[in-house]
Every structure is written in C-alpha cells, then in structure tokens.
Amino acid sequence: MVKSLKNLIEYLKSEKTYNLSGNENVEVNGISFNSKTVEAGNIFICIKGEHVDGHNFAKNAVNNGAVAVISEKELPDEDFPIIQVKDTELSVAQIGAWFYDFPAKEINLIGITGTNGKTTVTHLVENIFEKAALKCGLIGTLGNRYSSTDEYISSGHTTPQASDLQKVLRDFLNKDINNTVMEVSSHAIEQRRIDGCVFKGAVLTNLTQDHLDYHITMGNYFLAKSKLFSSLENNSNSFAVINRDDSYAERFIEATPANVRILTYGINNKADIMAENVEFSVYGSKFTCITPFGTKNVNLQMTGMFSIYNALAAMSTGLAEGIDLNICIEALESTPSVAGRFEVVSRKPLVIVDYAHTPDGLENVLKAATKIVPHDGKLICVFGCGGDRDATKRPQMGRIAEVLADKVIITSDNPRSEDPQQIITDILSGIKSLSSSKVIVEVDRGAAIETAVRISKEDDVILLAGKGHEDYQILNNETIHFDDREEARKALEKLINK
C-alpha cells in the first residue's frame, strides 16, 4: 500500500500542520532522524538527543530530499511541510509501526530484559524454537538475524531504534518468520523504542546496578524495566518469566497484569522451574532440572552459575510457549557459548573473554572462573570501566576483583571522553591492598592483556572482562579496532615465539 502524507496526518490525528498546501498526496517512502542520511521521499523526524537537537537540522533534511518534517516545536520561519506532534520520540515508534503495517500485531514477540544475561538467553530461546521446528528471528546486542545459521546484521543498539525495529519485524514476516525473541534494554523502554510492539512474553534475567548515569536511582531503573511486564495484554495468552531468586522478583510479579500467566525459575527459592545438584567444569555444567512437566538432567556446554540461570530462563520461556521439555533440554545442551560470553580463547593457560561490565556481572564471572582454576593455578583478572558512564560502580568492581582474583590488572575499557587514568583511580579507590604483587595498573589495554599472558603459568586462568564480543575501543571521539580475543591470541603467539 502506497503511503502518503495525508494518510500519515490522519493516522497521527495531528491538529497542527504547516505549509502542506498541495503536498498532502505526496508519497512517503521511508523514515529518517538523521539529516545526513535522509533520502528523497523520506519523512524526517526531529529528535532531541543528548548532544544535538534534530530540530536544528530540519532544513538540511528537506534540502536532502525529505518531503516533510515531524516536529514537536513550532518552526515559524520555515516554508516546508511540517507536522507538529507532542512527542517526536513517540512518533518514531508510531510512524514506524504505521509505515511497516503494524508487524508486531502479526508476530509472536518475546522480550528479554535484565541487567545481565539478555544476549545468552535470547540465543538459547532462539535455539529452543528451532529445535521445535519453529522459525525464530533474533534481535539483540550482537545484531539481528533470521536464524541461527545466518550472519548478524548490526543495528548499533541492543534494541534497535523504533522505526528500524518495525522494519526488522516486517522483514521477518516477509521471510515467514512468525516468532521473534529480542533483547529489551532499559534505555529502549524509556526512549520509547518498543512503543508500537505487542509482546506475548516478557522475561526477567536479573536486576543489579547498571546505567545509573542514565536512570539515577535503582528505583527508576526498576520502573523502566517493569514497563515491559506491565505492558503485557491482560489475558492468559500472555506470559511473564521471572527469576524468583532476584531481589526485585516480587515487584516484577506485582507489575504484571493479573491474568497474565507467570512462570518463576530459580535455585535458592521455591520456583516453578528449579535447578538442583549443580556441578561445574571447564567444559560446561550439569544440573537436575525440576519442572511441572517432569525432572530431567541437563548438561550445558556453558559453565558458571549465571549460565544455569540463563538456561532456566530460556527453558521457562520454551515451556510457556508450549514446547516439550525434552526439546527444550536438547536445545539448551546443543547451544555453545555465545560470542564474548565466557568465551574460551585458549586452554593452556585458560583464557576467557566475557562482556561483564557491571559489579554483579564481574562477580558472577569471577566466581565461575574460580570454580575451574586448577589446584596449583591462579586467577588473573584484566578489566576496566567505561568512560562517561555510571562512576559509582567503579570502586565496587575494584573491590570485587581484589577479593575474588589472585592477580588484578586494571586497564582501560572504552574511556570515551574521560581521562583513562581518572577512571582507573576511581577503580583503585575500592581496593584495600595496592601491593604490586596483587594489583597492576596498565592503561593500555593491549599491553595489559600481554602482561597477563606473560606472567601466567600453564595452570592459570586469565579472565578478560568488560568488552566481550566488542571489536573496538572508543577513545575520545575516535573509535579504533580492538578485540580482546585477537589481542590474547597475539600475546600467546608472541610468548610461544619468544
């Protein structure tokens, strides 16, 4: 169906329009909120960002081919078509849904939210659907893909911008993919990127400190995440999967509409789906899973207690979807580690790369690593903290690393506009023992990884935390290629050829 400005105005029910005379029937062929990339026939939506205001670039967008501008401000001196709305962030989602013919109404959509574990859980759920012979699209931190055998298509965000998200959902439907599992970040919820989506299921991994530079308080952070659950349609066709061991579990249950089916999972507290008899090794983990559909043994290729929780979350989701327990377990057992999530780079010494960049995430992966350190081995942890982000977590992460690792190497991790040395100073403020035998400071991340490899012995375990799958470093306004896995391999090769 051809989209026109007239159709859009009728849909938005906008009372304020300017300079539309003779332009109402012009065709709309796309949506843009970047004046530099706008194409002829696009609608340009003025978004007020952290650093720039799209309203200042409206004329540039029209000069580049935009047929009209969506604005939440009056632009009295301009002579191009303008549709004024109350909230342009919301209009991105609304217009995206309209332009792509409301794909979220046609697709079985499951949202995974939480501080840690979202990426792994989405991949596990994707595999459960596919083992049940059901096509499933995936949207998340690593990108979007049509199936587990396809390459990722990067979106630049954990959850894509609203109009891009609607396009992805329509693309899935065009390929006869009727199920989608997606990571839903708190930023995406607050910035209304998921408005226009209808979720059948919402899944909570956990809620621990992160993004307080944006949300300010944990209360605000919870309220953002809880909106995914409160938005579920109030009927038994919808479901919520909640980590019963999380301290916010009860509040998420309360936020869920009364008639929505709730499945809880856990290890320490009574839940619908539980794990017992947990064992770990360098090759994976084992546990006994107790469910309303029977008790089964599970052997994962992933290790660490966080992997057990991720598996329980995914299994609960599969069961909520009506997929057989045996199929769920087969899918979980056949899923290898996700890129950058406790990913093994080398065996001797054992080098592990993980995305952990929060206090809880770092503590979880360090605890997992301690369980697989050989009797005569030591645990070496290399980590830093991102710049222009929540600074209060830096000393916490320093203290966690000091307590759980035998040797700590503090370095950089996307310092952005901040002084890397100041970030490291913040981390050091949480460390009690600054003995050089315990703590090493090396600002250059590549050199820090090389140091870890050089001082390690065959039975040691090296954890490179914070960047995981990322293949870049952000230094001031420059983004350079940098991959912890590549750097570790180079350091190991250098040591062998020495």
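Residue by residue, region 180-194 carries 3J(HN,Hα) couplings of 9, 10, 9, 6, 10, 7, 5, 4, 4, 5, 5, 8, 6, 5, 9 Hz when phi is fed to the Karplus relation 6.51 cos²θ - 1.76 cosθ + 1.60 (θ = phi - 60°); x denotes Gly or Pro.
Using C-alpha pairs below 8 Å separated by at least 6 residues, the relative contact order for region 343-496 is 33 percent. With the simple model of a label 7 Å out from the Cα in the direction of the Cβ, V52 to D176 spans 4.3 nm. A protection proxy built from the mean count of other Cβ atoms within 10 Å ranks the segments 395-405, 419-429, most packed first, as 395-405, 419-429. For N63 and H375, the difference between the fully extended length at 0.36 nm per residue and the C-alpha to C-alpha distance is 105.5 nm. Taking a ≥ b ≥ c as the square roots of the Cα gyration tensor eigenvalues, with a/c under 1.5 meaning rounded and otherwise prolate when a/b beats b/c, else oblate, which class fits region 3-99? Rounded, since a/c falls under 1.5. Between D77 and E279, the modelled labels are 7.6 nm apart [label points 7 Å from Cα along Cα→Cβ]. Full extension of the segment from S21 to K494, taken as 0.36 nm per residue of separation minus the current Cα-Cα distance, would add 163.3 nm. Treating only the Cα positions of region 103-334 as identical point scatterers, give the base-10 log of I(q)/I(0) from the Debye formula at each q in 0.11, 0.17 Å⁻¹. With one equal scatterer per Cα and no solvent, log10 I(q)/I(0) is -0.50, -1.26. Each Cα pair under 8 Å and six or more residues apart adds its separation to the average, and for the chain the resulting relative contact order is 10 percent.
Determine the shape class of region 60-183: with a ≥ b ≥ c the square roots of the Cα gyration tensor eigenvalues, call it rounded for a/c under 1.5, and otherwise prolate if a/b is greater than b/c, oblate otherwise.
Taking the square roots of the gyration eigenvalues as a ≥ b ≥ c, region 60-183 is prolate.
Does the chain come out rounded, prolate or oblate by the C-alpha gyration tensor, with a ≥ b ≥ c the root eigenvalues, rounded set by a/c under 1.5 and, if not, prolate when a/b is larger than b/c and oblate if not? Here the chain falls in the oblate category.
Label sites at S236 and Y472, each approximated as a point 7 angstrom past Cα along Cα to Cβ, lie 4.8 nm apart. Helix content alone sets the calculated 222 nm mean residue ellipticity of the chain: runs of n ≥ 4 DSSP H residues at -39500 (n - 2.57) each, divided across all residues, give -10000 deg cm²/dmol. Expressed as a rounded percentage, what relative contact order does region 103-334 have, with Cα pairs under 8 Å and six or more residues apart? Answer for region 103-334 is 20 percent. By other beta-carbon atoms within 10 Å, ranking L332, L319, L165 with the fewest at the front produces L319, L332, L165.
Only the coordinates and a few stated rules stand behind these numbers; no lab work does. Every value quoted in this text rests on a predicted model; they were computed, and no experiment measured them. When we count neighbours, we look across all protein chains shown, and the Cβ atoms used for this are built from the backbone with ideal geometry, even at glycine.
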